[in-house]
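Contents: one structure, followed by commentary.
What follows is calculated from the coordinates using simple rules that are stated; it is not laboratory data. These figures come from a predicted structure and were not determined experimentally. In this analysis, Cβ positions are derived from the backbone assuming ideal geometry, glycine residues included, and neighbour counts consider all displayed protein chains.
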Amino acid sequence: MGIEERHWNELKPLAGRVFGSSLHFAISTINPDGTPHVTPIGSLILTDPGKAYFFEVFTQKLPRNLDIGSPVAVLGVISSSQLWLRSLLTGRFSCPPAFRLLGEAGQRRASTPEERARWRRKVRLVKWTRGNELLWGNLDVVRELHFHTVQPVDMGRMTADRGRL
């Protein structure tokens, strides 16, 4: 069973707010010895319902874990101090402050010109920086992700009326 399109359409703007506030998502996998492994990934791009990809850059254990079939959990948290302060003052969040995506990874593959262009548009405001080329000069490889579950993060009564994603 996949993720419903309406839930995915509600999630995409939240994912944009996560990236805008913290510039990354946390991707969790399981190492061969059974221990957890968490990796920050900035380049997560949500596409069709339940589908995403990220550029496999600077990752070492993550590709190994994905290649052996580890499940994937992605955590996105809106880190905006304005959202959190307003929510603490009012006693409720105006939108879900965080979400989890659960699924599995596809094979590593060459990125397309369209995927590279989409990422470059997303980080266009920093294209003039020295770090832009150092971080994203080589976007040749992507990994597809397939999610079967999206979960809001429950924060008790502060998120009780936010419903499901």
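Relative to the current alpha-carbon distance between ASP33 and LYS12, full extension at 0.36 nm per residue lengthens the span by 4.2 nm.
Hey, what did segment 5-153 get for relative contact order, percent, Cα under 8 Å, at least 6 apart? All intermediate terms of the calculation are to be shown ahead of the outcome.
Numbers: 233 pairs, mean separation 40.3, N = 149.
Answer for segment 5-153 is 27 percent.
Counting only pairs 8 or more residues apart or on different chains, how many lysine pairs in segment 5-153 have their Cα atoms under 25 Å apart?
Details: LYS12/LYS51; LYS12/LYS122; LYS12/LYS127; LYS51/LYS61; LYS51/LYS122.
Pairs that pass both the separation and distance tests number 5.
For segment 26-66, backbone nitrogen atoms closer than 19 Å to the point 7 Å from ALA110 Cα along Cα-to-C-beta are found at 54-57. The mean sequence separation of alpha-carbon pairs under 8 Å and at least six residues apart, normalised by the residue count of segment 58-107, gives a relative contact order of 51 percent. Residue exposure proxy: GLU10, GLU5, ordered by other Cβ atoms within 10 angstrom of their Cβ from fewest to most, comes out as GLU5, GLU10.
Looking at the square roots a ≥ b ≥ c of the eigenvalues of the Cα gyration tensor of segment 5-153, which shape do they give, rounded for a/c under 1.5, prolate if a/b is larger than b/c, or oblate? The shape class here is oblate.
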